[in-house]
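Q: I am attaching a structure below and will ask some questions about it afterwards.
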């Protein structure tokens, strides 16, 4: 089977199932595992990721207003790769090309190609996506074993932190303008022993005002911008430190403001969200959850 993945999370699932050799093309932001970096890039992101958060947000909104995509699909390359299976999504217009755009691009392929849209809103949905890809690629038995291991890790974390104080937590998914993480992230916080503020499980991420942060005064703040590594986030955390009454926050006074690699462990709906739960447990309950993740995964701000 020849597989093209137009979603970084799907790329991770395919590789976790041991199907690296079946991958013939990926998106330009598929970066894990490392071996996928050498594969042909079927899409190009039209917005420069080196722009500031505000500039990126402005350009994404402008593209949405025009009804245009922030991705360009190389339909000629897609036809040349001749995939049997294309994995994409419709959940987020800035995470992967729209399903309809993929359909249009795939029309040039002179063969029967199956296009599957993965639509996760929860951890359970993410695990179901592993099963779905397993069924499509005839690796269902391996998929079920992976799902069982991931569920076991979740249960282990929940058991370890069950007796700990539940901190109120705010997850900042975008810095300028401020946005809090939704979908599966509130559930991740719960599994790790925290109480998520503002955002609801399975609900979209949402914009908030700085005054909301001051009013809520969370015990813990995690800054994990979508698509950003910690190194990239460090370029802009100064915008938060400069906010009015920042040093009056309980989280600041108690040294509970953290940076997390959101691109790897929070906002990408793939198997590594379980790592994200473990990272949060290390943050929320350091006395019971010994640290195993490096500073590149999370660190104090």
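Q: Would you check if there is a residue in region 251-269 being surrounded by fewer than 22 Cβ atoms within 10 Å (Cβ to Cβ), out of contact with any helix residue (DSSP H, G or I) (no Cβ under 9 Å at 6 or more places or on another chain) and at pLDDT below 95?
A: No, the conditions are met nowhere in region 251-269.
Q: Right, here's the next one. Does region 107-146 hold any residues that are under 15 Å from residue 184 (Cβ atoms) and either in a helix (DSSP H, G or I) or free of Cβ contacts under 8 Å to residues at least 24 places away in the same chain (or both), and which are they? Step through it out loud before you land on a result.
A: Just the residues of region 107-146 that are under 15 Å from residue 184 (Cβ atoms), to begin with: 118-130.
If the condition is that a residue be under 15 Å from residue 184 (Cβ atoms) and either in a helix (DSSP H, G or I) or free of Cβ contacts under 8 Å to residues at least 24 places away in the same chain (or both), then 123, 124, 125, 126, 127, 128, 129, 130 are the ones that fit.
Q: Any residue at all in region 152-162 that's out of contact with any strand residue (DSSP E or B) (no Cβ under 8 Å at 6 or more places or on another chain), surrounded by 17 or more Cβ atoms within 10 Å (Cβ to Cβ) and in a loop (DSSP other than H, G, I, E, B)?
A: no
Q: Can you find, within region 164-189, the residue that is farthest from the chain's Cα centre (by Cα) among those that are in contact (Cβ under 8 Å) with a residue 12 or more places away in the chain and more than 30 Å from residue 235 (Cα to Cα)?
A: Within region 164-189, the match that is farthest from the chain's Cα centre (by Cα) is 164.
Q: I'm told residue 193 meets every condition in (1) surrounded by fewer than 19 Cβ atoms within 10 Å (Cβ to Cβ); (2) within 22 Å of the chain's Cα centre (by Cα); (3) not in a helix (DSSP H, G or I) except one. Can you identify the failing condition by its number?
A: The number of the failed condition is (1).
Q: For region 27-37, what are the residues that are under 16 Å from residue 78 (Cα atoms) and surrounded by fewer than 17 Cβ atoms within 10 Å (Cβ to Cβ)?
A: If the condition is that a residue be under 16 Å from residue 78 (Cα atoms) and surrounded by fewer than 17 Cβ atoms within 10 Å (Cβ to Cβ), then 28 is the only one that fits.
The values are calculated or read from the model by the stated rules, or taken from the named source; none is laboratory data. Predicted model, so just to flag it, every value in this text is computed and none were measured. No Cβ is skipped: glycine too gets one built from the backbone with ideal geometry, and neighbour counts run over all protein chains shown.
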